[in-house]
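Colleague: I am attaching a structure below and will ask some questions about it afterwards.
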Amino acid sequence: MLDDLDRRILRFLQSDPTAPLSELAERCRSQPATVARRLDRLKADGVLRGLHAVIDWAVLGYGVEVSLRFTLDKTNSKAFDEFLAAARRIKQVIAIQTFSGRVDVRLSVIAKDMPDYQKLYRSEILNLPHIAELEALMHVATLKTAEALPL
């Protein structure tokens with residue numbers, strides 16, 4: 001699906017998404033018009049979904065991250081949909097993942113500090129619908145975050 005030029009474009013774009021088209025083309029050893037067409041094709045094919053800002057929430061004063069793992073009450077056919085809709089409304093939820101197995105859903109939540117987390121936990125997390133089991137894992141450190149793909 002991807003040829004060598006596509007891979008070079010994506011690799012350099014991952015390392016510096018703000019680089020001007022002319023610089024990207026130079027680094028890829030290609031012409032700007034060719035790189036522009038390739039970028040358009042990569043977007044149209046859904047390979048390149050867009051560029052976004054990565055904000056460090058810790059710098060903004062959020063010092064606590066918790067991973068919450070939920071097992072849902074599957075006797076209700078709408079449990080997943082209702083749980084996910086409610087979880088999406090909690091502004092401190094920064095990631096939602098679903099799984100097959102004992103754990104159904106994982107939420108990553110952030111809070112300013114432990115009292116802020118306790119308030120969030122009691123007022124919003126415990127009020128999510130269809131919880132059968134809940135496990136909270138306090139985040140200690142991020143040892144690796146791979147945002148770039150090995151192209």
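Colleague: Does ARG38 meet the test of being farther than 26 Å from THR145 by Cβ, in contact with a Lys or Arg (Cβ under 8 Å, 6 or more places away or on another chain), at pLDDT 95 or above and basic (Lys, Arg)?
Modeller: No.
Colleague: Here's another thing I want to ask about it. With ASP45, ASP6, ASP56, ASP16 as the choices, which residue is at pLDDT below 95 and surrounded by 11 or more Cβ atoms within 10 Å (Cβ to Cβ)?
Modeller: ASP16 is the lone residue from the list that is at pLDDT below 95 and surrounded by 11 or more Cβ atoms within 10 Å (Cβ to Cβ).
Colleague: Filter region 50-63 for residues that are of a type in the set (A, V, I, L, M, F, W, C) and over 19 Å from GLN97 (Cβ atoms) and give the result.
Modeller: Listed by number, the residues that qualify are LEU51, ALA53, ILE55, ALA58, VAL59, LEU60.
Colleague: Looking at the structure I just gave you, is LEU51 of a type outside the set (Asp, Glu) and not assigned by TED's automatic domain parsing to the domain that holds PHE12?
Modeller: So LEU51 passes the test.
Colleague: Name the residue that is nearest to GLY101 (Cα to Cα), counting only residues in region 65-87 that are under 17 Å from the mean Cα position of the chain (by Cα), part of a strand (DSSP E or B) and not small (Gly, Ala, Ser).
Modeller: ARG69
Colleague: Got a sec? Which of ARG29, ARG37, ARG106, ARG102 is among the basic types (Lys, Arg), free of Cβ contacts under 8 Å to residues at least 12 places away in the same chain and either in a strand (DSSP E or B) or loosely packed, with under 13 Cβ neighbours inside 10 Å (or both)?
Modeller: Step by step, each of ARG29, ARG37, ARG106, ARG102 is checked, and only ARG37 is among the basic types (Lys, Arg), free of Cβ contacts under 8 Å to residues at least 12 places away in the same chain and either in a strand (DSSP E or B) or loosely packed, with under 13 Cβ neighbours inside 10 Å (or both).
Colleague: Of these, ILE90, ILE96, which one is surrounded by 11 or more Cβ atoms within 10 Å (Cβ to Cβ), under 30 Å from LEU2 (Cβ atoms) and of a type in the set (A, V, I, L, M)?
Modeller: Going through ILE90, ILE96 in turn, the sole match is ILE96.
Colleague: Any residue at all in region 138-146 that's in contact (Cβ under 8 Å) with a residue 40 or more places away in the chain, exposed (fewer than 12 other Cβ atoms within 10 Å of the Cβ) and within 28 Å of LEU13 (Cα to Cα)?
Modeller: There is no residue in region 138-146 that is in contact (Cβ under 8 Å) with a residue 40 or more places away in the chain, exposed (fewer than 12 other Cβ atoms within 10 Å of the Cβ) and within 28 Å of LEU13 (Cα to Cα).
The values are calculated or read from the model by the stated rules, or taken from the named source; none is laboratory data. The shown structure was predicted, so the numbers you read here are calculated from the model rather than taken from an experiment. When we count neighbours, we look across all protein chains shown, and the Cβ atoms used for this are built from the backbone with ideal geometry, even at glycine.
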